[in-house]
Amino acid sequence: MKKLLELCTVVALILTVTTAQGNVIPDGIAFYKQGSVTLSDPGDYDWWHGCSPTSAGMIMGHYDVCGYNGQSYSNLVQSGNAENNTYGGGPYLANDAIASSGHISDFYSGGYLASGDDVAPPWHSFDCLADFMGTSQDSVGNVNGSTTFYYWTDGAPFTESDAATYGVANLDGMYGIGEYLEYAGYDAATLYTQLIYTPSTPLGFTFSQYVAEINAGRPVIIQVEGHSMYGYGYDSTAATVLLHDTWTLGQHSMTWGGSYSGMSQWGVVALTPIPEPATICLLGLGALSLIRRKK
């Protein structure tokens, strides 16, 4: 039996490719994109009542503006388009998606790292990432600004289904991201937390997998000890992650598997969005069996 631990706080497989010149590359041939690659329109968001919902908010902002796989996800940030950055004045629509005024009033009155300050239920109707992710909520053991993520200790992906099966869905920030997707009218084909590969975590997530996610247009939450960040690019020549750190405006970087501001990388959260179930059926893609909504 695998053990659950709680944290408080490309190889591009190309089967058949047609090049720009019209040449068909046969099965068995793959390639790397060398050098620096970043996603278009990488939102750069200032910390807003939790690094984890802020980083997840940048992912939502990316899909809100850019869509994915030919589909629109324009309701991930409601009442308009997600901003490109949230440093400076405001108010910002993206901040409402990250931590709404209802969340702040119910769970954050005591300020950063405070606990015991949640108002008595009933709470506001959950409407933001921090709500669904359990951020700052005494009821799930999170001090203000913190979010909990679960993972398999051997490095295998810890999925939404795992969280539901082992009774931690109500506690797990990753699972809450799926709930927010559902709240906004969408879903996830895949959503998981995973330790990075090391000799002691042989099933872990690798830099090549990270590169593949970025090449596919999917940003990733980069997890270091005590902090979450938004990974939106890479430099393959030096196994470097290009990221926004939720603290200061602009592009930052870290070596894959290294540390950032003295905090060692331990994992990632990765997701692949899909349209709402009704659209999935219309597209003939089938429906997911997992029913999330817990709050």
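The table below lists the values:
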| read-out | value |
| --- | --- |
| Qualifying residues in segment 54-73 (those that are in contact with an Asp or Glu (Cβ under 8 Å, 6 or more places away or on another chain) and of a type outside the set (Phe, Trp, Tyr)) - the one nearest to residue 230 (Cα to Cα) | 58 |
| Selected residue (only one of 102, 80, 89 is at pLDDT below 95 and either farther than 24 Å from residue 224 by Cβ or in contact with a strand residue (DSSP E or B) (Cβ under 7 Å, 6 or more places away or on another chain) (or both)) | 89 |
| Hits in segment 246-255 (condition: farther than 17 Å from residue 226 by Cα and either aliphatic (A, V, I, L, M) or touching a Phe, Trp or Tyr at 6+ places or on another chain (Cβ under 7 Å) (or both)) | 249 |
| Residue list for segment 79-88, restricted to those being closer than 25 Å to residue 190 by Cα and surrounded by fewer than 16 Cβ atoms within 10 Å (Cβ to Cβ) | 81 |
| Residue within segment 256-268 that is more than 23 Å from residue 201 (Cβ to Cβ), at pLDDT 95 or above and either surrounded by 15 or more Cβ atoms within 10 Å (Cβ to Cβ) or under 18 Å from the mean Cα position of the chain (by Cα) (or both) present | no |
| Filtered residue count, segment 54-71, keeping only those that are buried (at least 19 other Cβ atoms within 10 Å of the Cβ) and either in a loop (DSSP other than H, G, I, E, B) or not aliphatic (A, V, I, L, M) (or both) | 7 |
| Condition met for residue 164 (under 26 Å from residue 276 (Cβ atoms) and under 17 Å from the mean Cα position of the chain (by Cα)) | no |
| Restricting segment 40-53 to residues that are modelled with pLDDT of 95 or more and assigned to a loop (DSSP other than H, G, I, E, B), the residue that is surrounded by the most Cβ atoms within 10 Å (Cβ to Cβ) | 50 |
| Long-range neighbours under 7 Å by Cβ, at least six apart or interchain, first residue under 20 Å from residue 177 (Cβ atoms) within segment 71-96, second part of a strand (DSSP E or B) | 73/273 |
| Of residues in segment 128-180 being outside any helix (DSSP H, G or I) and β-branched (Val, Ile, Thr), the one surrounded by the most Cβ atoms within 10 Å (Cβ to Cβ) | 135 |
| Output for segment 48-104, where each listed residue is of a type in the set (A, V, I, L, M, F, W, C) and over 24 Å from residue 268 (Cα atoms) | 93, 104 |
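The values are calculated or read from the model by the stated rules, or taken from the named source; none is laboratory data. Because the structure is a prediction, the values reported are computed rather than measured. Don't worry about glycine lacking a Cβ; one is built from the backbone with ideal geometry, like all the others, and counts go over all protein chains shown.
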